[in-house]
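The values are calculated or read from the model by the stated rules, or taken from the named source; none is laboratory data. No experiment lies behind these values; they were computed from the predicted model shown. A quick note on method: Cβ atoms are made from the backbone with ideal geometry, for glycine too, and the neighbour counts reach across all protein chains shown. Surface areas here come from the heavy atoms of the whole protein model, side chains and all, with no ligands, DNA or RNA. Shrake-Rupley method; radii C 1.70, N 1.55, O 1.52, S 1.80 Å.
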Amino acid sequence: VNQSNARFDEKKMAHMNMLYLLELPAEKFLAAARTHFERRKATAVLAADPAFFREVMLLSQPKVKSIDELPAYTAYFFADDFAIDDKVRAKVMAKGDPKARLRELIDALRAADFSSDIAIETVIKDLATKNALGFGDYQAVARLAVSGTNVGPSITGMFRVLGRERVLARLERFLAAA
C-alpha cells in the first residue's frame, strides 16, 4: 500500500493507447484516421488516392502513439514541400560523406524493384556491402531527404509507398540543395 495519493500516469496511458491502436483491425484504424483528417479538414490528405492513403496509414499504425500524431507523422507523404528539420540536417550532414551516399543511392535505386520492402532493403544492403559501409550510412541521409526528419516508418516501407519517381525526385532535390 502506498502512502501517496493516486496519480494519473500520462506515459502509461500513452503506451496503453499505442497498444490499443496496434491491435485495431486495419479497417477500424483507417476509419479512425480518416475521421481525424476530416475533422482537421486536411484536404490534401483526404484528396489522396484511397489506396495510397491506406498504405500510408497502415505503414504508420505500428509507430504512432495516438491518432493525433498522424498529421505530423505522415505530412511528407502527402506534400512534396515538407520542412527539413535543421538539427537533424546538421547531424546527418556532419557524418561521413552524405552527398556521396545520396549519389550512390540514387544510381542504385534507378533500376531497383520497388514492389516490396525486402527488394528495396536488398538493394541498399548490396550497395552498402559493395562500398564497405553499413545500411545506416545510407538510411540516415535518405530518410532526411525523403521525409525531412530522422523518425518515421521503415525507410524501405516509406520508399515502397512513395514509389520510385517520388523517392528519386526527393533525393535529387535534396542533393541539389545540400
Practice prompt. Take the chain, connect every pair of alpha-carbon atoms lying under 10 Å apart with a spring to form a Gaussian network, then pick out the residue of G134, G152, G96 with the largest mean-square fluctuation.
Written response: G96
Item to complete: Express in % the proportion of alpha carbon pairs of region 1-105 at distances exceeding 25 Å.
Response: 43 percent
Discussion item. Output the 0 to 90 degree angle, nearest 10, between the alpha-carbon long axis of helix 117-130 and the longest principal axis computed from the alpha carbons of the chain.
Written reply: 40 degrees
Worksheet item: Taking springs between alpha-carbon atoms closer than 10 angstrom, which of D137, D113, D97 fluctuates most in the Gaussian network model of the chain?
Response: D97
Discussion item. Only Cα pairs within less than 10 Å get springs; with that Gaussian network setup on the chain, which residue of R143, R103, R160 has the largest fluctuation?
Written reply: R103
Worksheet item: Fully extended, how many nm does the chain gain between K87 and A100 (0.36 nm per residue separation, minus their Cα-Cα distance)?
Response: 2.6 nm
Worksheet item: So how exposed is F52, as accessible area in Å² (1.4 Å probe, rounded to 10)?
Response: 40 Å²
Worksheet item: Rounded to the nearest 0.05, what FRET efficiency do D107 and E69 have when you use their Cβ-Cβ distance and R0 = 25 Å?
Response: 0.10
Discussion item. Which lysines, if any, have their Cα less than 16 Å from the Cα of K11, not counting same-chain residues under 8 positions apart?
Written reply: K63, K65
Practice prompt. State the extension gain, in nm to one decimal, for the chain segment bounded by K130 and Y20, taking 0.36 nm per residue of separation less the distance between their alpha-carbons.
Written response: 35.4 nm
Worksheet item: Is it possible to state the helix-based mean residue ellipticity at 222 nm for the chain, with each DSSP H run of 4+ residues giving -39500 (n - 2.57), the sum divided by total residues, to the nearest 500 deg cm²/dmol? What is it?
Response: -20500 deg cm²/dmol
